[in-house]
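Asks: Questions regarding the structure given below will be posed in turn.
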Amino acid sequence: MAKWGEGDPRWIVEQRADATNVNNWHWTERDASNWSLEKLKSLFLAVRAENAEGTCEVTEVSKLDGEASINNRKGKLIFFYEWNIKLAWTGCQREARC
């Protein structure tokens, strides 16, 4: 443990009267749930798989519950997320004339 005044010079928060979180050195957290919700919907609805046997595509995002956040600690980004996802899809075989 460093003695008083011999600490890391990047820890300048104690030198500020307003205790500002300079350069997000200490923990910051931002909610990314709304952005993630829209992004996941658009990505899943664009999924289509096709090969010699047939095709399959996502037709609906039935359930998309959860949350996501972006955290910053000492300049490093940390992502937390938890999603429950239910998709509806259709598919057909080549022989059935899709």
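Quick note: the coordinates plus some simple rules give every number you see, no bench work behind them. As the structure is a computational prediction, the values presented were derived from the model and not from experiment. Cβ coordinates were reconstructed from backbone atoms using ideal geometry, including for glycine residues, and neighbour counts include every protein chain displayed.
Asks: If r is the Cβ-Cβ distance from Arg48 to Phe79 and R0 is 35 Å, what FRET efficiency results, to the nearest 0.05? Let's see the in-between values first.
Replies: Working: r = 27 Å, r/R0 = 0.78.
Step by step, r from the Cβ atoms, then E = 0.80.
Asks: Relative to the compact-globule scaling 2.2 N^0.38 Å, provide the ratio for the alpha-carbon radius of gyration of segment 25-96. Show your work: numbers first, answer last.
Replies: Details: Rg = 17.5 Å, N = 72, 2.2 N^0.38 = 11.2 Å.
Rg over 2.2 N^0.38 Å, computed on Cα atoms: 1.57.
Asks: Still on this structure, please answer the following. Which of the GluC sites (Glu not before Pro) found in segment 24-98 are loop residues per DSSP with 11 or fewer other Cβ atoms within 10 Å of their Cβ? Please report the intermediate quantities before stating the final value.
Replies: Values: sites: Glu29, Glu38, Glu50, Glu53, Glu57, Glu60, Glu67, Glu82, Glu95; in loops: Glu53.
For GluC sites (Glu not before Pro) across segment 24-98 that sit outside H, G, I, E and B with at most 11 neighbouring Cβ atoms in 10 Å, the list reads Glu53.
Asks: Mind checking which lysines have their Cα closer than 18 Å to the Cα of Lys63? Skip sequence neighbours fewer than 8 apart in that chain.
Replies: Lys39, Lys41, Lys86
Asks: Give a residue-ordered list of calculated ³J(HN,Hα) values for segment 67-80 (Karplus: 6.51 cos²θ - 1.76 cosθ + 1.60, θ = phi - 60°; whole Hz; x for Gly, Pro).
Replies: Whole-Hz 3J(HN,Hα) from phi for segment 67-80: 8, 8, 8, 10, 10, 10, 9, 6, x, 10, 7, 10, 10, 10.
Asks: Please identify every one of the trypsin sites (Lys or Arg not before Pro) in segment 27-98 that sits in a loop by DSSP and has no more than 16 other beta carbons within 10 Å of its own beta carbon.
Replies: Sites meeting the loop and neighbour criteria: Lys74, Arg97.
Asks: List the residues, sorted by chain then number, that are 5 or more residues from Ala32 or on another chain and whose placed amide H is less than 5 Å from its amide H.
Replies: Amide H neighbours of Ala32, under 5 Å, 5+ apart: Ala68, Ser69, Ile70.
Asks: Just add up the charged neighbours of Thr28: K/R +1, D/E -1, any other residue whose Cβ is under 14 Å from the Cβ of Thr28. Mind dumping the intermediate values first?
Replies: Working: positive: Arg30, Arg73, Lys74, Lys76; negative: Glu29, Asp31.
Summing Lys and Arg as +1 and Asp and Glu as -1 gives +2.
Asks: Which FRET efficiency value, to the nearest 0.05, is calculated for Lys86 and Asp31 with the Förster distance at 25 angstrom and r the Cβ-Cβ distance?
Replies: Values: r = 23 Å, r/R0 = 0.91.
Rounded to the nearest 0.05, the efficiency is 0.65.
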